[in-house]
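Data first, discussion second: the structure below is written as structure tokens.
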Amino acid sequence: TAPPWPLPVCVRWLQGGLTASAPERCTLLDGPSGELTLASDAPDGPDAMIDAMIGACPVVIANAGAAGYYRVRYDVASAARLRASLFLLTPAERLGLGADTAALVAAGALAPDAALATAGALLARGSDHDRVAALHVLARLDRFVEPGAAAAWRRWRAAALPGVPALIGPPREP
């Protein structure tokens, strides 16, 4: 269904050594789907370089700056590229990725193993922002923990998030 009002959507794309100042494009989505061209038709200049990168499977951040009020669900390949390129995302984008992943798990729209892969990639970065993003995801995975594994899950969470186990509490009942 169409959004009840026009929805501004901004994306960024990254390739190789590009920094957080990578190109960004925005559009206004006024229907159930839309299209956003990531490169112009310019034959030369910066957009020609962007055209070449698009063909090389860039990392696409579908909520640039995590400023949009929408959720993003990446396909398997895009999610894997995003996890491998977390160092190129801004702290806000990594927090947004964690929040989107948590929401998708809660809605049953993302498999727990995919969510755990995202949480693990965030935890591996080691920053406080990334730990908070991972916390969002891990808290939603509680409902998938078998009763006999609850104690092990709590220990793993406490070890993965030192100093914050009290914030996330025991696993929730399904």
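Where a number appears in this text, it was derived from the coordinates with a stated rule and is not lab data. Because the structure is a prediction, the values reported are computed rather than measured. When we count neighbours, we look across all protein chains shown, and the Cβ atoms used for this are built from the backbone with ideal geometry, even at glycine.
Values as computed for the structure displayed
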quantity: Rough spin-label spacing in nm, given labels placed 7 Å along Cα→Cβ, for TYR69 and ALA111; calculated: 3.4
quantity: Modelled FRET efficiency - R0 35 Å, GLU24 with ALA151, Cβ distances, 0.05 increments; calculated: 0.15
quantity: Relative packing of peptides 59-71, 95-107 - highest average C-beta neighbours within 10 Å first; calculated: 95-107, 59-71
quantity: The range 61-104: C-alpha gyration tensor shape, a/c 1.5 cut-off, then a/b vs b/c; calculated: oblate
quantity: Local electrostatic count at PHE87 - Lys and Arg +1, Asp and Glu -1, tallied over other residues with Cβ under 15 Å; calculated: +3
quantity: Residues with amide H under 5 Å from that of ASN63, placed H, sequence gap 5 or more; calculated: ARG12
quantity: Using θ = phi - 60° and Karplus 6.51 cos²θ - 1.76 cosθ + 1.60, couplings along the range 136-153 (whole Hz; Gly, Pro as x); calculated: 4, 5, 4, 4, 7, 7, 3, 5, 8, 7, 5, x, x, 9, 4, 5, 5, 4
quantity: Karplus-derived HN-Hα couplings along the range 27-32 (A = 6.51, B = -1.76, C = 1.60, θ = phi - 60°), whole Hz, x at Gly and Pro; calculated: 8, 10, 8, 10, x, x
quantity: Rounded to the nearest 20 debye, dipole of the range 79-145 from Cβ charges on Lys, Arg, Asp, Glu; calculated: 80
